[in-house]
Amino acid sequence: MRKAIILVLIPIIIFCSCDGGDNLANEVAKINVDVKVNRFDREFAEAKPLDIPKLKEKYPYLFPANYPDSIWVAKLQDTLQMEVMEEVGKSFPDFKSEKEDLEWLFKYIKYYFPKFRVPEVLTLTNDVEYNYRVILTDSLLLVGLDNYLGGTHKFYQGISKYIANDLDKKFLTRDVASAFAKTAIVPPRDRTFLSQLVYYGKELYLMEKLMPQKNEAVIMGYTPEELDWAIANEEQIWRYFIERELLYSTNSKLGPRFLDPAPFSKFELELDNESPGKIGRYMGWQIVKAFMENNTINLKEMLTLPEEELFKRSGYKPRKL
């Protein structure tokens, strides 16, 4: 009899769970956003020297006043710049799918943050300045498309592999979500390793809510294999942090070892080369997930909670496989 009851309940639970997700998606779909995209990269690539004054008038913020027109004319005629613009044109002949992705992202942002103002999107090239591949302001989103040509592209040959792997169009919307998340989350209140873990965990959790259609590997910036490693070793990683009393440490070396982008995390053990970088961010994400599962609180309230309080209320226990 008990087995029969369980069998009856399972489809009900599944139905309710799916229905809840569908209801949210339906609500979000009703939100109206008008995403305007200006392909400055294409306009500049197709421009002639006589077109420079018109471009300066249309995009004054892209042309510093102290730069004479001759600088831009020279750039138009530079063979390397011409090759960059050609490669970007091949990878992004249009911006249709990316625009659709951004529309959904902005809808979800407005769902959770109704006062959010949808920015005007402007695509450009920035000489592969990958640390500034997206810049989000109150009214503008600048996207450097030459930073999204694919990890094996010839332009990235001199860049470390772990960085080049990130330079792929599948991460474009994730980078925008990350840029927004940083504006919505209060920086860590102290310098402890725990506070930094939870801070990055909040960012990843918010990104997950804003991009429910993206898988966890994309949100984390991992390959599927790197995510599998993190999941399989979660218990061992947590034990390592606890046994070495790292949580309340303010040692500045812990950031480069476990939080910053890197080819691997630095446990100073034989497994280092197998591990992905940023493993501390992944652990922080699991802490925040546990908190949200074990507490009744809305998303915006969670983002304002002090890190230590969130951790203590999370009831976090690493998964055991």
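Points worth noting:
- Taking segment 117-134 as the range and being farther than 17 Å from Val88 by Cβ and hydrophobic (A, V, I, L, M, F, W, C) as the test, only Val118 passes.
- The condition (being among the basic types (Lys, Arg) and in a loop (DSSP other than H, G, I, E, B)) is satisfied by just one residue among Lys289, Lys266: Lys266.
Each row is one residue, and each column tells you yes or no for (1) in contact with a Leu (Cβ under 9 Å, 6 or more places away or on another chain); (2) in contact (Cβ under 8 Å) with a residue 40 or more places away in the chain.
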residue: Lys75; (1), (2): no, no
residue: Glu120; (1), (2): yes, yes
residue: Glu129; (1), (2): no, no
residue: Gly150; (1), (2): yes, yes
residue: Asn165; (1), (2): no, yes
residue: Lys170; (1), (2): no, yes
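- Residue list for segment 42-74, restricted to those being surrounded by 14 or more Cβ atoms within 10 Å (Cβ to Cβ) and either of a type in the set (S, T, N, Q) or touching a Phe, Trp or Tyr at 6+ places or on another chain (Cβ under 8 Å) (or both): Ile52, Leu55, Lys56, Tyr59, Leu62, Phe63, Trp72
A short reminder: the numbers here are calculations on the coordinates, not readings from a lab. The model shown is predicted, which means the values in this text are computed figures rather than measured ones. Cβ atoms come from the backbone with ideal geometry, glycine included; neighbour counts cover every protein chain shown.
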